[in-house]
1. Trypsin sites (Lys or Arg not before Pro), restricted to the range 308-379: which are DSSP loop and have at most 14 other Cβ atoms within 10 Å?
2. Just grab the label-to-label distance for residue 308 and residue 595, each label 7 Å out from Cα along the Cβ direction, in nm (one decimal).
3. Net charge around residue 586, counting only other residues with Cβ within less than 13 Å of its Cβ (Lys, Arg = +1; Asp, Glu = -1)?
4. For residue 236 and residue 477 in the same chain, what is the full-extension length gain: residue separation times 0.36 nm, less their Cα-Cα distance, in nm?
5. Keeping every protein chain present and rolling a 1.4 Å probe, give me the accessible area per residue for the range 215-292 in Å².
6. Measure off, as a whole percent, the carbon and sulfur share of the 1.4 Å-probe accessible area of the range 369-487, all protein chains present.
7. Filter 240/265; 240/309; 170/265; 291/481; 115/136; 240/426 down to the pairs with a C-alpha to C-alpha distance above 32 Å, please.
8. What is the calculated FRET efficiency for residue 359 to residue 391, with r their C-beta to C-beta distance and R₀ = 25 Å, to the nearest 0.05?
Amino acid sequence: MSDPGLDCRIGVYLCHCGSNIAATVDVMALAEYARTLPNVVVAREYKYMCSDPGQELICTDIADKKLNRIVVAACSPMLHEKTFHNVLSRAGLNPFYLQFVNIREHVSWVHQDHKAATAKAMDLVRAATRRVALHKSLEKRRVPINPNVLVVGGGIAGIHAALTMADAGKHVYLVEREPTIGGHMAMFDKTFPTLDCAACILTPKMTSVGSHPNISLWAYSEVTQVEGYVGNYKVTVCRKPRYIIEDLCVGCQECITACIYKEGKTPDAFNQGLSKRKPVYLPFPQAIPQKVLIDPDACIEFKTGKCKKTCVEACAERNAIDFKQQESIEEIDVGAIILATGFRTFDAQRNAYYGYGQYKNVYTSLEIERLINASGPTSGVLQMRDGRQPQSVGIVHCVGSRDQNTNRWCSKVCCMYSLKLAHLIKERTGAEVYNFYIDMRTPGKGYEEFYDRLLDEGVHFVRGRVAEISDWPAHPSEEGKLIIRAEDTLAGFVRRIPVDMVVLSVGLEPKADARDVARLFNMSCASEGWFLERHPKLAPVSTFTDGVFIAGACQGPKDIPETVAQAGAAAAEVMALIDAGEIELDPYTAYVLEEHCSGCKTCIPMCPYGAIAFDSVKSKASVNEILCKGCGTCVSACPSGSINQNFFEDEEVFAETEGVLLHA
C-alpha cells in the first residue's frame, strides 16, 4: 500500500441506492459534474454500488486506471463505509484513502426539490474530492481480547445468553440487581399461546445458571463503573449486603420460620404487594441463588438493636447470619458485555380515569398473573379483595401504550397476554370476560389460532378504547359493581358494562434508570428511552460501543420467544468476537505534537474516555491510542492546537469546507 504522493488520481462512484437516492438526485448529472472536478480520473454511477458488481467496478478501475483515491457517494457510512474499506483493501489500496459521502440521509431523504438536492449533492462530492486528495495512509491496530464476558440482567434474556456462552466454554459473570434471577417471567403463571407453565420452563434454566461451573452469579449486585475498550473492559461491581454469608447459607429457611415476626408485615414486591413478607425472606420459593436475605428497613435488630435474634439461634450450626455485613466492591476484566436489563410495566395510576388505586377491584395484569399463579398469594385462586370470586371481568387493552398522552408505541405483548388471562380467568372462575381492545395484534406463530380459540370459548370482544371506569350505578343491580364505559366502534354506540373486576393490560416502558445505565456503558438511548441498536435490521444486538451488546426488552417490547432469539444472537456475536482472539481498532485517534504542547493539562479532564495522561518526565500530554475513541473533544479543547486527530487533520477539514463553500 504505497503512498501515491502528489500524483492524485481520484475515482468517484455514485450509488442510486435503488430509488432511495435516484428518485430525488439526478445521479447522471452528478456523475457528469464529478468528471469535471480536478484530479478525477473516472466517475461512475450504478444502481447498487454496495453489490458485488458495484464493488468489482471499483476494484477494476483501481487496477486499470491506477486510482489512488476513492470517493463513494451513497448511503450512511454507518451502513457501508466498512464495505468499501474492504473493497480498497482487496484492490491493494490503503482503506483510508476512501472518502464516504452520505447523499441519502443528508440529501435525498431530507429534500424534495430535485434541482436543489442535486446541487447540494454536487457540493458534497466536490468537497469530498478536495478532502480525499489529502488523506494519509493509516493502519488499524490489533489488541488481544479477554475471553471472559459480563452479562448484566438476570431475566430470561440474560439467563439464555449466559448459558449459551457458558456451554461454549466462556466464563460468564452474570450480574443481577435483584436478590434473585428470573425477572418478569418468574412472575408469570403460563405463557401464550401454548399455555406452558412458565416456572416449568424457566426454573430449570435458573438452576443451570446457579450450578454452572462457567458462570459466576452475582445477584443483588450492580455495575458501578466501566472502563476500557472492546476486548479489555474493566468493570467495577458493587455487591450489596444480604446480611447472610452466602457460602454458609444452605437455603433451609429455618431463620424465616424462627423470625420474631409471626406474620409478614412488609409488602412483598414479588407478589406485587398482594401479600406480606417477613424481614428475613426468600424472594420466591424457586429463587436462585437459594439464599435468604434480610431487609434492614424492616428488621428490628437494624432499627432498634434490641431484637431477640431468634433467626440467629435457628441458624446456630451454620452461623450464616451477619448483621455487620457491608457492601463489597469487585473488579473484573471482561472482553465483551451483554446488557439484558429488561423493562418496567406502565404505572396505571397515571391514567386516573381507569380507577387504579381508587377502586379496590381494579388490578393490573401483573397482579392478576400473581393471583392466578399456584405459588402466588392466593395459591392460584382468583379472588377479589373481599375474598369473592368474580362473576364478570373486564380486560382493558393498551393501558399506557398506543396513547399520545402516555406512550405512543405498541407494547407488542399486551394483546396476547390479555387473551391468555381471559382464557385462564374463564377457565378457573367461569366468569363472563369482556376484552376491550383498539386493534387485535396477533402476529406470532400460533397467536391467531389462540385468538380464534378464545372466540370459540365465548369470551366477549368489544372494539373501542375505554373512556372511563367508575362505581356509579345507574340501576340497583349495578351497586357494588365497576362500570366500564366505552364506545363500541363496530356496533356504533357507547356501551356501559358492569363488572366485578377490571384488569388493566399495562404496557411496557424502559427502566426508569435506562439513560443512566446507557451513560455508564457509553451507549445511546432512542427518544423513548429504549437502548439504541447499531442498526435496526443489520445489527439489532450491537451498539455503537464496540464490544457492548443488547438483548431482550431493554431494546424494545418483546415477547419471550423473540427475547430468547435475540439473546442467542447476542451470545453468538460475543463468541464470534472472542474467538477471533484479537480485535482491530480504527485509527481515528488523537495524537500530541509534543514540540507544541505546553503541558497545560486542559485536555485531560475533557477526555470522556480517560485516554489522556500527563507525562511528568516530558511535561507533556500523552494519548493512549487504545483508549482513545476519536471523539475529537481534546482537539477542539487544546488552547495551543497541539493535539491533532488522524483522518481529521486540519488541512483535510479545511479543504472539505472550502469545497462546500466554493458554490456559495
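1. Loop-located and lightly packed - 308, 324, 360.
2. So the label points at residue 308 and residue 595 sit 8.5 nm apart.
3. Details: positive: 82, 140, 141, 142, 629; negative: 81, 139, 546, 584, 625.
Net charge in that neighbourhood comes out at 0.
4. 80.6 nm
5. About 44 Å² of surface per residue is accessible.
6. Carbon and sulfur atoms account for 45 percent of the accessible area of the range 369-487.
7. Result: 170/265; 291/481; 115/136; 240/426 exceed 32 Å.
8. FRET efficiency, residue 359 to residue 391: 0.90.
The values are calculated or read from the model by the stated rules, or taken from the named source; none is laboratory data. Since this is a predicted model, take the numbers as computed values, not measurements. Here Cβ is always computed from backbone atoms with ideal geometry, including for glycine, and neighbour counts include all displayed protein chains. Side chains included, ligands, DNA and RNA excluded: accessible areas come from the protein's heavy atoms. Shrake-Rupley method; radii C 1.70, N 1.55, O 1.52, S 1.80 Å.
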